[in-house]
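To start, the structure under review is shown below, and the notes come after it.
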Amino acid sequence: MPPTARTENRTRDGHVLVWEQANIADGEPPTGRRFGTRHYVVFMLFLGMANAYVMRTNMSVAIVAMVNQSALEKHELFDDECPDTDYGEQDNSDHQDGEFLWTTSMQGYILSSFFYGYVITQIPFGLLAKKYGAMRFLGWGMLINSVFAFLVPVAARQGGAPWLIVVRFIQGLGEGPIVPCTHAMLAKWIPPNERSRVGSIVYSGAQFGTVISMPLSGLLADHGWDGGWPSIFYVFGIVGTIWSIAFLLTCHEDPITHPKIAEDERKYIQQALWGKAGVNIPPIPWKSIWKSMPFYAILLAHLGQNYGYETLMTELPTYMKQVLRFSIKANGTLSSLPYLAMWIFSIGVGWVADWMLTSGRFSHTMTRKLSNSIGQYGPAIALIIASYTGCNRALTVAILTIGVGLNGGIYAGFKINHLDLTPRYAGILMAFTNCSANLAGLLAPIAAGNIIEGKPTIAQWRIVFLIAAGVYLFTATFYNLFASGSRQPWDNPDNDEPQKPASIEAPHENGHNNGYNNGTTTATLRTTTGMAEQRQ
């Protein structure tokens with residue numbers, strides 16, 4: 001924006017807008033410090049998100065080594081279309097024959113058990129974090145998740161599949177706070193003008209964790225101790241425990257309670273977020289939300305994303321082994337390539353989406369729909385093509401890598417669309433869509449396991465891929481028809497009940513009021529606050 005235009009837009013009715021206040025439009029605190037306390041919190045949240053996805057995906061690789069493949073029927077393992085010896089890294093050593101005789105359907109139940117625990121804690125932890133604070137729920141939840149990782153080998157060996165399912169379910173319970181509590185902490189620590197890039201960095205930890213987990217799990221299963229696969233859970237259990245303790249000891253709920261944060265950084269964050277402090281958010285307009293088609297567009301897109309993503313994340317290592325016949329070590333490495341592509345692309349598409357919006361050539365609605373179309377039509381087409389590539393290993397891996405990489409477009413699509421519709425209730429909407437989407441996601445490995453039960457041929461895997469592609473196509477099309485990037489009428493701050501003028505006074509040691517005169521009306525404050533949030 002030209003300097004002249006910026007100066008002209010700095011005030012509205014004589015009052016400085018929230019996003020135009022001094023030190024708020026700037027990307028750094030007054031001292032120009034490059035790395036502050038808030039950046040450390042962001043770094044820890046990034047590692048926490050990565051750790052969460054490590055715990056979520058390591059079973060997908062481990063279960064390949066846990067199951068005694070040789071003891072199963074020959075036709076349950078490989079399709080006759082693929083020759084036995086056309087890939088040099090086939091590994092016929094004894095340790096590939098695992099300890100357990102679990103059918104593919106039972107493996108599906110084991111893989112999905114984590115998500116049952118994860119799903120049922122989404123909304124409760126979102127509400128608890130709002131009332132009691134997010135940090136301790138996040139830290140202790142991930143500590144429980146990490147400690148129970150040590151019990152996975154014991155449960156599997158002593159109690160079989162039922163006890164393993166129980167342990168994985170408890171791990172899911174511990175991981176439930178990761179999304180709602182991370183979101184709550186970002187809201188308290190990160191100024192509005194930094195949230196887009198910071199949010200993409202933190203949540204890209206999901207792909208980073210997957211990229212780290214799959215190849216390292218493959219190496220541990222191949223060369224680890226105690227039979228190989230148990231070392232996967234020991235190593236990541238140690239890492240997760242260290243992170244949880246460090247997070248609880250070094251991070252704090254918000255800048256106000258942090259004892260060691262620099263005073264200039266504390267003031268910088270408080271000034272940027274102050275506009276919300278004097279606003280009493282009215283009751284949640286449940287009736288209007290349930291009647292909102294843009295909300296259902298996000299909900300359906302989220303459902304389709306999780307079904308397709310979980311199909312690939314939990315079943316891709318098994319497909320690599322049963323059909324393409326990669327060794328366990330190659331399996332983990334190659335299975336991680338699609339998520340490496342998604343990690344890189346998700347960061348890039350965020351910058352492009354920001355350019356589209358700031359250029360003035362694209363509306364929020366158009367930007368969201370275009371980004372989401374790339375993120376969901378891309379993997380749908382890739383899954384369709386991959387289902388017909390047969391035994392061409394290189395082409396199959398390349399197609400799946402491109403498809404999952406394009407899936408990164410969702411972060412600039414429906415993932416951020418909650419904030420467009422309703423800045424003040426975006427967290428509530430995310431809790432409901434994320435919970436519902438994970439319910440759909442946990443069905444993916446169960447459906448795949450039952451489809452390929454007893455006959456994991458290319459033809460049966462084609463059904464698994466085509467179902468996921470169909471879900472992607474339907475939900476993406478529904479989103480394009482009904483999605484909106486505009487703030488909804490039921491979240492209009494102008495309709496709020498008036499507050500007493502005293503409630504908007506902001507105490508500051510230097511006596512300044514951040515550009516708001518004492519006579520500023522609450523309605524004006526609400527309007528500027530809401531517009532600032534909408535601008536994020």
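The values are calculated or read from the model by the stated rules, or taken from the named source; none is laboratory data. Here the structure is a predicted model, which means the values were calculated and not measured. FYI the Cβ positions are ideal-geometry reconstructions off the backbone, even for glycines, and counts take in every protein chain you see. Surface accessibility is based on the protein's heavy atoms, side chains included, excluding ligands, DNA and RNA. Shrake-Rupley method; radii C 1.70, N 1.55, O 1.52, S 1.80 Å.
Can you tell me what percent of all Cα-Cα pairs in region 129-229 are more than 20 Å apart?
54
Can you give me the accessible area per residue for region 150-195, using a 1.4 Å probe, in Å²? Spell out each step's value before the answer.
Working: 1510 Å² over 46 residues.
Result: 33 Å² of accessible area for each residue.
Considering amide H positions built from the backbone, and no H for Pro or chain starts, which residues 5 or more places from ARG487, or on another chain, come under 5 Å of its amide H?
The list, which skips near neighbours in sequence, is empty: none.
Placing unit charges on C-beta atoms (Lys and Arg positive, Asp and Glu negative, everything else neutral), compute the dipole magnitude of region 112-252 about its Cα centre in debye, rounded to 20.
500
Using each residue's phi in region 413-420, evaluate 6.51 cos²θ - 1.76 cosθ + 1.60 at θ = phi - 60° and report the 3J(HN,Hα) Karplus result to the nearest Hz, with x for Gly and Pro.
x, 5, 4, 9, 5, 4, 5, 5
Determine ³J(HN,Hα), in whole Hz, for all residues of region 137-145 in sequence, where each value follows from phi through the Karplus function 6.51 cos²θ - 1.76 cosθ + 1.60 and θ = phi - 60°; x replaces Gly and Pro.
These are the phi-based 3J(HN,Hα) values: 4, 5, x, 5, x, 5, 5, 4, 4 Hz.
Mind checking Rg over Rh on region 345-485, alpha carbons, Kirkwood formula for Rh?
1.03
Rolling a 1.4 Å sphere over the protein heavy atoms, what is the accessible area per residue of region 326-459, to the nearest Å²?
Computed with neighbouring chains in place, this is 34 Å² per residue.
Binning at 5 angstrom from zero up to the longest distance, how are the C-alpha pair distances of region 397-456 distributed in percent?
4, 15, 13, 16, 20, 14, 9, 6, 3, 1, 0
Ranking request for peptides 212-220, 451-459: highest mean number of other beta-carbon atoms within 10 Å first, then the rest in descending order.
Numbers: 212-220: 24.6, 451-459: 18.1.
The densest-packed peptide leads the list: 212-220, 451-459.
Taking all protein chains in place and a 1.4 Å probe, what share, in percent, of the accessible surface of region 341-384 do carbon and sulfur account for? Present the calculation step by step, with values, prior to reporting the outcome.
Numbers: 1610 of 2140 Å².
That fraction is 75 percent.
What is the magnitude of the charge dipole of region 282-419 about its Cα centre, with +1 placed on the Cβ of each Lys and Arg, -1 on the Cβ of each Asp and Glu, and no other charges, expressed in debye to the nearest 20?
100
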